[in-house]
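The values are calculated or read from the model by the stated rules, or taken from the named source; none is laboratory data. Please read these numbers as outputs of a predicted model, since none were measured by experiment. For neighbour counting, all protein chains shown are included, and Cβ atoms are generated from backbone atoms with ideal geometry for every residue, glycine included.
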Amino acid sequence: MHIKDKLAETDRTGNPMFSFEFFPPKTAQVPFGNDERCQPLTEHLGMDRMHGLGPAFIDITWGAGGRLSHLTCDMVNVAQTVYGLETCMHLTCTGMEKEKIDGALREAYKAGCTNILALRGDPPREKEKWEATDGSFRYAKDLVKYIHDTYGDHFDIGVAGYPEGCEDQDDPELLLDHLKEKVDAGASFVITQMFYDVDIFLAWVKKCRARGIKVPIIPGIMPIHTYAAFLRRANWIKCHVPSKWMDALEPVKNNDAAVREIGKGLMVQMCREILNAGILYLHFYTMNLAQATRMILEELDLTPSIETPLKQALPWRRSLGLN
Ligand code: FAD
């Protein structure tokens, strides 16, 4: 099923949906894979522990420069065919000749994956600046257009959005222009970079709407696992951290369990504000770890149970004036 249809269903029913991002193992040394000689790929990636939480879809990142990209394709295949999870494959232009892009799209097609997150990509590790590959694509919008022209409506295509600027573009107006170009080229949803300041996110969504970007915008949520990782990611992305977050986390920074518990409270409050603003989709950067994401979903009452499969939806439905 296309993600755009799941999003439309969510808007129609008022039942919030959530999704998970996973990344492939970072080393080629371990024999990950899908046949009996290999350790099951998913056991190492949280997919095993997390598919029961009922995500609307999962997505699998694409290694910078296409590194270990066969593992992305393997994971997509396992998620679709073994777990029956709706899967979105990331695909980037970094170091990718057209033939490689065609190969990746063919793998996704064969696995029954019908959703692609089309990205320009990070530079490969050994390079500081991003460079286009000869004869291939320079911007994500070119990849969106190519997928659309080649596969018609087979793939639903998403793109990345940046509420607080991105690595090589900090002019917010230009970034909005470029986001609009990606949507106009055929993208039907946007997943955002992580953020911790919900006011900045909501103000940015308003700007997107004013700019004519009408497709669903899915906020990227990064749960807090440890204080060090929290700070490192915030500095790397250069996102604003509200002072009350620092005031709450700094005093317990050496106690991982306390950081996770307080972090959960902060994230839950942020998710509630997003849901209350009528944005009913939450995309979790799981970092292949189950605990912090599960704690947030449980606190939000969004995990299904046999007794009350839709109970979790009620507060949000009521707040939106739905039955
Ligand atoms: P684009 O939208 O193409 O933008 C790239 C740069 O080009 C920007 O500076 C933009 O302003 C500029 N630009 C765009 N259009 C034009 C134009 N017409 N004229 C002039 N300049 C233009 N990276 C990975 O390697 N693998 C992943 O799996 C991955 N997943 C991600 C998932 C999400 C949700 C997000 C938010 C990011 C992800 N990234 C991933 C990182 C992303 O690839 C980088 O942030 C990259 O630098 C930008 O990619 P983009 O698709 O946004 O590129």
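Laid out as a table, the results:
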{"item": "Check on residue 158, surrounded by fewer than 21 Cβ atoms within 10 Å (Cβ to Cβ) and either outside any loop (DSSP other than H, G, I, E, B) or more than 9 Å from the ligand (Cβ to nearest atom) (or both)", "result": "no"}
{"item": "Residue match in the range 35-57 (condition: crowded, with 18+ Cβ neighbours inside 10 Å, of a type outside the set (A, V, I, L, M) and modelled with pLDDT of 90 or more)", "result": "yes"}
{"item": "Total residues in the range 173-215, condition touching a residue at least 60 places away in the same chain (Cβ under 8 Å), assigned to a helix (DSSP H, G or I) and under 25 Å from residue 89 (Cβ atoms)", "result": "1"}
{"item": "Verdict on residue 64 being within 10 Å of the ligand (Cβ to nearest atom) and either at positive phi or touching a residue at least 60 places away in the same chain (Cβ under 8 Å) (or both)", "result": "yes"}
{"item": "Residue match in the range 177-191 (condition: surrounded by 14 or more Cβ atoms within 10 Å (Cβ to Cβ), on the phi > 0 side of the Ramachandran plot, of a type in the set (Gly, Ala, Ser) and under 18 Å from the mean Cα position of the chain (by Cα))", "result": "no"}
{"item": "Selected residue (criterion: surrounded by the fewest Cβ atoms within 10 Å (Cβ to Cβ)) from residues of the range 92-119 that are in a loop (DSSP other than H, G, I, E, B) and within 15 Å of the ligand (Cβ to nearest atom)", "result": "95"}
{"item": "Members of the range 185-212 that are over 14 Å from residue 279 (Cβ atoms) and touching a Lys or Arg at 6+ places or on another chain (Cβ under 8 Å)", "result": "185, 186, 188, 194, 211, 212"}
{"item": "Given (1) under 26 Å from residue 190 (Cβ atoms); (2) modelled with pLDDT of 95 or more, index of the condition residue 320 fails", "result": "(2)"}
{"item": "Boolean, residue 192 is within 11 Å of the ligand (Cβ to nearest atom) and under 27 Å from residue 221 (Cα atoms)", "result": "yes"}
{"item": "Selected residue (only one of 153, 142 is in a loop (DSSP other than H, G, I, E, B), within 26 Å of residue 5 (Cβ to Cβ) and of a type in the set (D, E, K, R))", "result": "153"}
{"item": "Some residue of the range 120-139 being near the ligand (Cβ under 8 Å from one of its atoms) and either at positive phi or assigned to a helix (DSSP H, G or I) (or both)", "result": "yes"}
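Residue by residue, here is whether (1) hydrophobic (A, V, I, L, M, F, W, C); (2) part of a helix (DSSP H, G or I); (3) in contact (Cβ under 8 Å) with a residue 40 or more places away in the chain; (4) within 16 Å of the ligand (Cβ to nearest atom) holds:
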| site | (1), (2), (3), (4) |
| --- | --- |
| 48 | no, yes, no, no |
| 51 | no, yes, no, no |
| 59 | no, no, yes, yes |
| 80 | no, yes, no, no |
| 89 | yes, no, no, yes |
